[in-house]
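What follows is a single structure, written as structure tokens, with notes after it.
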Amino acid sequence: MKPIALLLGLLTVSFFSFSQSRPFVTLPTQLNDDKFADWIVPAGEEGVFFFRKELALATLPEQFIVHTSADARYRLYINGQLAVWGPAVGDLENWNYETTDIAPFLRKGKNVLAAQVWNMGRLNGHRQQSHRTAFILQGDTSAEHFANTGSSWKVQKDEGYFPLAMGAPYMSNYIAGATDSLVAARHPWGWNQPEYNDSDWPNARSAGKGNHTGLDTWKGTQWKLKPREIPPMEQKTERIPDLLEVKGMSAAAGPMDKLQLTVPANRRVELLLDNRVLTMGFPRLLISGGKNAKIKIQYQEALFNQDGTKGNRNEWLGKTMKGYYDVFVADGEERMFEPLWVRVYRYVKITLETQDEPLQIQDFHTIFTAFPLEQKGAFQVDQDMLNQIWDASWRTLRLCALETYMDCPYYEQVQYIGDTRIQALISMYVAGEDRLVKNAILQFYQSMQSMGLTKSAHPTDGIQIIPPFSLYFIGMVHDFYMLRDDPEFIRQFLPGIKFILEWFNGRVAENGILGPLPYWNHIDNGTGFVNGSPPGISEGGSAHLTLLFAYALDKAAELLNAFDDSCDAERFTQIAASLKQKTMELCYCDEKQLIAETPAQQVFSQHTNIFALLTDTFHPDQQQEFARRMLTDKSLIQTTLYFKFYLFQGLKKAGLGGMIPGMMEEWKTFLDHGLTTFPEHGINSRSDCHAWSAHPMYSLLNVTCGISPASPGFITVEVRPAPGNLTAFNGKVSHPAGDISVMYNKNESQENYVIRLPQGLTGNFVFQEKIYPLKAGENTFQF
């Protein structure tokens, strides 16, 4: 591998341009030459900048491969057509580049390579690290090096663009980045076209040569470039179906195929649109006329009552819009406005203030944009409510996956370990997708701090430490180990896993359980825990963190044994056993017959007793009894949506998985209130779409259908259904070898199972603790 870099890319839509690009070719290539391009920079530090270079071609090449990246983001146009956008978000030590064959966009004679680059500095989203505004393009071989970025490129700032900082009263706890305002009269329209005159543009300045991760760091450039690990995003056109209300002029509201409207001069008009479901993408507003008209486009997941609550999401009369917005000031010409980054909405409010000219709205639509997850798995049942929960969970997952997984698409767009573990499991089970999973595991590992813990979320521009999330990271690596046969990928994380565990082991107190812990030890918000942290953190003695530590130790021991590190595996197993024993001795309450949060035995939670189940702290013969007691004792701090993922896994462990289909009342309540995705906590949560709330998809396949890996790498399968009160269902998991399906139905006299495995896969079917072998193909059982 040679130093410097730039790989992969994605299809996109243009910003203030009419052209729609085609998908580019993803190329599994590294650079073939050691002549490096320069990072080029503008005179200013922040804003939107345009870089251009003219190329003269006597003949058309069969391929013309370039590698591109920027700080913070870019769109590369070839002769006015969008070729690629990026970079996929990373950190300065792991800065992604895209590789694209631009030959299909070239022509004989004059060509223009043009890049739009933007960096909002302190107004960047929290996910975005940055050194300074810059762009780099590297030809793959000497035949393409004349396109390399350097002093021959020109640069110009967009004087019409102004970032908008979103805060009160429009937003609360919003960290996803600035929105956009554009004054059309000051924007250099046609800047990416060959015929545009850039003679008065200054030449770009060099900021140093491109630099590959881990090599040639003495050269001084801050960005350690690496090939992008993920594919292009999925994009498709969506249209908003309903115009709910028009204020300020006479126009008919109702269902529509396309938004077209003429707003008279000197008028203020408000349009309220309803997409019916939550979506994410790049909205596009096409207008003409209306010189100096101001257009404000506001987006929100839900409308608000006067008291600040949301209520039923389908109800809009008497409610108000509180959400981020973009602003466009027209110049009287035919123009298209599109923001720099995705917007998330169900409702859109467009406010138009015309001056002396009428304004024509010719179209408004969105280019839906998300990571390309395809629903290959399935779950169908004779209860419509469960089917609707499945569909809304899938939409929740999709909207929380872009260049990384995201906790929520509207407010944060940050990849947290706690959320991502759940998203990864759903992705592999339902979509058969592991590229974004591997990307996430790598990024969390790259966030490892010198003291021995990962960051809670990564990539981010700051450092937040949530020690339990480092333990969940170990669980996430173990999940991948069980679901994918990729030992070399797993092997690289073993040193870091040991590092994490030693950090915790160094904090075990003399009484044998964890002592005081620093940082924010978040477990579950929206509970009786203070700031989501259980008792016993600052003073020591947390039973929950002790059992979570034991849980991670057991997972790590299994990984280490698989890689012939039996010495550390045995040591970790012994530490885990001691932690469980000491927790029972100090925190088990004879009166409640459950484990308390601390040795003081004043507070009890479902959370801690769930991990007692998951770690076999309770003897297997007693687990059902303990689990039922945990569910029926309402004095315990109850789990919220997020932690019900672990509750459902605990019930599976105790042999009570059949209860899970009947425990979906919260999700049903959300559907009854018009939500089309699932929220962070309850009906009036900040976020209407939060990744961790999609976990019923996984539970319905993993617990109800009972499909689990029986050996590492999913080489064999165990099917142990837990239908509970369901009388029929069909479930399907996407396995690397093909689909695993389970069909179940029951009548008064018998239960019937049809289990299909792909070629090359075998396993066991477990029914009432009896084991029946499964072969590839169809397996039929009647009881």
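The values are calculated or read from the model by the stated rules, or taken from the named source; none is laboratory data. Model, not experiment: these values are computed from the prediction. All Cβ positions, glycine included, derive from the backbone under ideal geometry; neighbour counts span all protein chains shown. Heads up: the accessible areas ignore ligands, DNA and RNA and are worked out on the full protein's heavy atoms, side chains in. Shrake-Rupley method; radii C 1.70, N 1.55, O 1.52, S 1.80 Å.
How large is the helix-only mean residue ellipticity at 222 nm for the chain, computed as the sum of -39500 (n - 2.57) over DSSP H runs with n ≥ 4, divided by its residue count, in deg cm²/dmol to the nearest 500?
The helix contribution divided over the chain gives -6000 deg cm²/dmol.
Note on Asp672 and Val754: their simple-model spin labels are 3.6 nm apart, each label 7 Å out from Cα toward Cβ. May I ask for the angle, rounded to the nearest 10°, between helix 435-446 and the longest principal axis of the chain, with both axes built from Cα atoms and the value confined to 0 to 90°? Once rounded, the angle reads 80 degrees.
Accessible surface for Trp520 stands near 90 Å², nearest 10, in the context of the full protein assembly shown (1.4 Å probe).
For the stretch 476-607, the fraction of alpha-carbon pairs lying more than 21 Å apart is 46 percent, rounded to a whole number. For the cross-link pairs Lys157/Lys294; Lys154/Lys209; Lys226/Lys438; Lys236/Lys258, the ones whose C-alpha atoms lie over 20 Å apart are Lys157/Lys294. Considering only alpha-carbon pairs that sit under 8 angstrom and 6 or more positions apart, the relative contact order computed for the stretch 503-579 is 25 percent.
Each residue, Tyr772 and Glu625, gets one label point 7 Å from its Cα in the Cβ direction; the gap between the two is 3.2 nm. Inter-label distance, Glu62 to Thr780: 5.5 nm, where each label sits 7 Å from its Cα along the C-beta direction. Specify whether the C-alpha gyration tensor of the stretch 356-447 places it in the rounded, prolate or oblate class, a ≥ b ≥ c being the square roots of the eigenvalues: rounded for a/c under 1.5, otherwise prolate if a/b is larger than b/c and oblate if not. Oblate, since a/c reaches 1.5 and b/c is not below a/b. Overall, the ratio between the Cα radius of gyration of the stretch 512-576 and 2.2 N^0.38 Å, rounded to two decimals, is 1.33. Taking the Cα centre of the chain as origin and assigning +1 to Lys and Arg Cβ atoms and -1 to Asp and Glu Cβ atoms, the resulting dipole is close to 960 debye. In the assembled protein chains, Arg571 presents an accessible area of approximately 90 Å² (probe radius 1.4 Å).
Compared with the dominant Cα axis of the chain, that is its longest principal axis, helix 467-483 is turned about 90°.
Between the Cα long axis of helix 494-505 and the first principal axis of the chain there is an angle of about 60°, rounded to the nearest 10.
What full-extension length gain, to one decimal in nm, is calculated for Asp391 and Gln306 as 0.36 nm per residue of separation minus the Cα-Cα distance?
Length gained, Asp391 through Gln306: 27.5 nm.
With the gyration tensor restricted to C-alpha atoms of the stretch 237-357, the semi-axes of the equivalent ellipsoid amount to 24, 16, 14 Å, longest first. With every protein chain in place and a 1.4 angstrom probe, the accessible-area ranking of His673, His695, largest first, reads His673, His695. For the stretch 604-734, a/c is not less than 1.5, where a ≥ b ≥ c are the root eigenvalues of the C-alpha gyration tensor, and a/b does not top b/c. That puts it in the oblate class.
I need the Debye-formula profile for the stretch 275-344: one equal scatterer per C-alpha, no solvent, reported as log10 I(q)/I(0) at q = 0.14, 0.18, 0.20, 0.23 1/Å, two decimals. Once normalised to I(0) and log-transformed, intensities are -0.55, -0.80, -0.89, -1.01.
One compactness figure for the stretch 657-751 is 1.27, namely its Cα radius of gyration divided by 2.2 N^0.38 Å. Asp101 sits with roughly 20 Å² accessible to a 1.4 Å probe, with DNA, RNA and ligands left out of the calculation. Based on the convex hull around the alpha carbon atoms, the stretch 179-269 presents an average projected area of 12.3 nm².
So which aspartates and glutamates can Lys376 reach, going by Cα to Cα under 14 Å and dropping same-chain residues fewer than 8 places off? By straight Cα distance, Lys376 reaches Asp391, Glu433, Asp434, Asp739. A 1.4 Å probe run over the protein chains yields, for the chain, 36 Å² of accessible area per residue, whole-number rounding. Compactness of the chain, taken as the C-alpha radius of gyration over 2.2 N^0.38 Å, stands at 1.01.
Ellipsoid fit via the Cα gyration tensor, the stretch 308-348: semi-axes of 29, 12, 9 Å, each the root of five times an eigenvalue, largest first. Normalising the average separation of contacting C-alpha pairs (under 8 angstrom, six or more residues apart) by the number of residues puts the relative contact order of the chain at 11 percent. Across the accessible surface of the stretch 402-485, with the other protein chains kept in place and a 1.4 Å probe, carbon and sulfur atoms take up 43 percent.
Summarise the accessible area of the stretch 99-229 (1.4 Å probe, protein heavy atoms) by the percent that is carbon and sulfur.
Numbers: 2560 of 5240 Å².
Summing carbon and sulfur atoms, their accessible area is 49 percent of the total for the stretch 99-229.
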